[in-house]
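These notes concern the structure reproduced below.
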Amino acid sequence: MSLEQKRILLTPLPGPESAKLQDRRVEVVSAGVGTMLPIFITEAHGAILKDADGNQLIDMGSGIGVVTIGHTNPQLVEAVQNQVAKLTHTLFTVAPYEAYVRAAELLTQAAPGSHKKKAAFFNSGAEAVENAVKIARKATGRTEIAVFDHAYHGRTNLTMAMNFKAHPYGTGFGPLAGSVHHAPMSYPYRDPEGMSGEEAATRAINYLEKRVGASQLAAVFIEPIQGEGGFIVPAPGFLATLDSWCKANGIVMVADEVQSGMARTGAWFASSWEEGYDPDLLTVAKGIAGGMPLSGVVGRAEIMDAAHAGGLGGTFGGSPTAVAAGVAVMEQYASGNWFARALEIGEILKTRLNELQMSYPIIGDVRGKGAMQAIELVIPQTQTPNPDATTELMKHCHQNGVVILNAGTYNNVIRFLPPLVITDELLHEALDVLAAGLAKIS
Ligand SMILES: *Cc1c(COP(=O)(O)O)cnc(C)c1O
């Protein structure tokens, strides 16, 4: 459980062992499960991934914001090993166990607001979102759901309908679920110059009132910072204005914090950065359990209790090992300096990315919060998306042992989600590789 925190390249990437594994893989693994980089990982620790050829890569993506706490975090590994040797499964709805309750205690304390909160656990982010839809519908007696342009909520049938991008998430997989309505998002980089958060919210509210009717809406789902959509941070005032409208109309406000939550932005939840924003429910997954499959819905007790007994659950949801991992992660966030570290990482990223933007006008926008930062690539002097340059830049980083991820409706965003245990030195080294890539493609 230790690995020198150093980038080491012994072979070209992918190396020969990875290539052999890739040959085996394509024979037996569905082509529908794509892979961004065909480098097979054998072990990982902190912010370093080691591959089958002995190469060591800097992880700037955390498996899409999952290992926020770092790879093979020692407390988490110990908690999982202890738990798995004692009790692997009962099904909480058959016979309960304490770790589930402890995880719910930690999550309800972490969620914003001083009102009474309750939680329930599931396996994946999409499953948490689906359950939040069920809960909101039961609590309100209404059916309709509002989501936003550029949103991403998952890959199940219902969440696929809630995503903005048809391809690759939905094309050919229909019919999609009904009663889902897509409203315009606040996207400061692409909205009319100077449009405020309040104005963008009014645009969305007008649309929903005409198209759906406030009285028909069970819930509004929004990512306080959009993940797959390209780390779009809505203009200040957008979330709070929407929230007031929801409260005035009996609509459940759901913050999908699957990507932005759990210390990523320098707070438990990105929702807390917007003054006057008070979501009724929050969905969590990715960063909550360091890679063990755990997700949850947390929020107002009276809404969470609206579902009848037996209405929520699932065989594996909140399994003993998953909740033990969740407890190990949340206890560290509750007691350590993790939020401060996320903000520090954010400062380093922002400073260097802003500097790069001065030299390379291909960077149209730098945005994000804490350790959730992104650059949007455009044709210089325009706002035209530049997906080709994005692909090239990604390739350069991957070939040089830096794992970065793309995002964005227009496939022109590079997002940075490093584990919070990354050293300043490694972070700068990864950014040096990125800078060399920008010099090469510009
Ligand atoms: C990843 C993601 C999901 C889906 O989570 P899965 O665990 O992949 O099902 C939902 N919402 C947001 C905001 C996400 O980033």
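The values are calculated or read from the model by the stated rules, or taken from the named source; none is laboratory data. Remember, predicted model here, so these are calculated numbers, not experimental data. Cβ placement follows ideal geometry from the backbone for every residue including glycine, while neighbour counts extend to all protein chains displayed. Remember, those area values only see protein heavy atoms, side chains included, never the ligands or the DNA or RNA. Shrake-Rupley method; radii C 1.70, N 1.55, O 1.52, S 1.80 Å.
Around Thr423, what is the net charge, scoring Lys/Arg as +1 and Asp/Glu as -1 over all other residues with Cβ under 12 Å from its Cβ?
That works out to -2.
Evaluated at 25 °C with a viscosity of 0.890 mPa s, what Stokes-Einstein diffusion coefficient in µm²/s does the range 75-335 have when Rh comes from the Kirkwood expression over alpha-carbon pairs? Don't jump to the answer; show the numbers that get you there.
Values: Rh = 18.5 Å.
For the chosen part, D equals 132 µm²/s.
Express in Å², to the nearest 10, the accessible area of Phe339 obtained by rolling a 1.4 Å probe over the protein heavy atoms while all chains stay in place.
Its accessible surface works out to 50 Å², give or take rounding.
For the chain, what is the charge dipole size about the Cα centre, in debye to the nearest 20, if Lys and Arg each add +1 at the Cβ and Asp and Glu each add -1 at the Cβ? Don't skip to the end; give the middle numbers.
Details: 33 positive and 43 negative charges, 173 e Å.
In total the dipole reaches around 840 debye.
Out of residues 5 or more away from Ala177 or on other chains, whose amide H comes under 5 Å of its own, with H placed 1.01 Å from N in the peptide plane?
Close amide H contacts, sequence-distant or interchain: Ala161.
Hey, can you grab everything whose amide H is under 5 Å from the amide H of Ala183? Only 5+ residues off in sequence or another chain; H modelled, so Pro and N-termini drop out.
Long-range HN contacts for Ala183: Val147, Phe148, Asp149.
When the convex hull of the Cα atoms of the range 40-119 is projected onto a plane and the area is averaged over all directions, what value comes out in nm²?
7.7
Evaluate E = 1/(1 + (r/R0)^6) for Leu91 and Ile379, where r is the Cβ-Cβ distance and R0 equals 56 Å; express this FRET efficiency to the nearest 0.05.
About 0.55, to the nearest 0.05.
Which residue, Ile145, Ile288, Ile379, tops the fluctuation ranking in a GNM of the chain built on C-alpha contacts under 10 Å?
Ile379
Please give the net charge around Lys286, taking every other residue with its beta carbon less than 15 angstrom from that of Lys286, where Lys and Arg add +1 and Asp and Glu add -1.
It works out to a net charge of -3.
For the chain, what is the accessible area per residue in Å² when the probe is 1.4 Å?
41
Count neighbours as other Cβ atoms within 10 Å of each site's Cβ, and list the GluC sites (Glu not before Pro) in the range 182-219 that are DSSP loop with at most 14 such neighbours.
Those satisfying the criteria are Glu193.
Name the residues whose placed amide hydrogens come within less than 5 Å of the amide hydrogen of Glu43, ignoring near sequence neighbours (fewer than 5 apart) on the same chain.
Lys50
With springs only between Cα atoms under 10 Å, which of Leu405, Leu282, Leu106 fluctuates most in a Gaussian network model of the chain?
Its mean-square fluctuation being the largest, the pick is Leu106.
Along each of the three principal axes of the Cα atoms of the range 181-339, give the extent in whole Å, ordering the values from largest to smallest.
47, 38, 24
Between the alpha-carbon centers of the range 185-262 and the range 388-442, tell me the distance in whole angstrom.
29
If I build a Gaussian network model for the chain, linking alpha-carbon pairs within less than 10 angstrom, which residue out of Ile58, Ile39, Ile345 has the largest mean-square fluctuation?
Maximum fluctuation in the GNM of the chain, among the listed residues, is at Ile39.
Restricting the calculation to Cα positions, tell me the Rg (one decimal) and the Dmax (whole number) of the chain in Å.
Computed over the Cα atoms of the chain, radius of gyration and Dmax are 21.4, 62 Å.
Once the other residues with Cβ under 15 Å from the Cβ of Val33 are scored (Lys, Arg +1; Asp, Glu -1), what is the net sum?
So the environment of Val33 carries a net charge of +2.
Any chance you could look up the accessible area of Thr88 with a 1.4 Å probe, heavy atoms only, rounded to 10 Å²?
About 80 Å², rounded to the nearest 10.
Can you list the HN-Hα couplings for the range 135-146, worked out from phi with the Karplus curve (6.51, -1.76, 1.60; θ = phi - 60°), rounded to whole Hz and with x for Gly and Pro?
5, 5, 5, 5, 5, 9, x, 10, 10, 7, 10, 10
What FRET efficiency would be calculated for the residue pair Asn82, Glu193, taking the C-beta separation as r and a Förster radius of 60 Å, to the nearest 0.05?
After rounding to 0.05, the efficiency reads 0.60.
Using the Cα gyration tensor of the range 177-230, with a ≥ b ≥ c the square roots of its eigenvalues, what is the shape: rounded (a/c below 1.5), prolate (a/b larger than b/c) or oblate (neither)? Please report the intermediate quantities before stating the final value.
On the way: a/c = 2.46, a/b = 1.41, b/c = 1.74.
Because a/c hits 1.5 or more and a/b fails to exceed b/c, the range 177-230 counts as oblate.
Viscosity 1.567 mPa s, temperature 4 °C: Stokes-Einstein D of the range 72-161 from its Kirkwood Cα radius, in µm² per second?
81
Can you give the extra length, in nm with one decimal, that the chain gains between Leu21 and Ala439 once fully stretched, where that is 0.36 nm per residue apart less the Cα-Cα distance?
147.2 nm
Which log10 I(q)/I(0) values, to two decimals, does the range 125-237 give at q = 0.15 Å⁻¹ under the Debye formula with one point per Cα?
For the requested q values the scattering log ratios are -0.66.
Return the carbon/sulfur percentage of the accessible area of the chain, one whole number, probe 1.4 Å, all protein chains in place.
Carbon and sulfur: 54 percent of the exposed surface of the chain.
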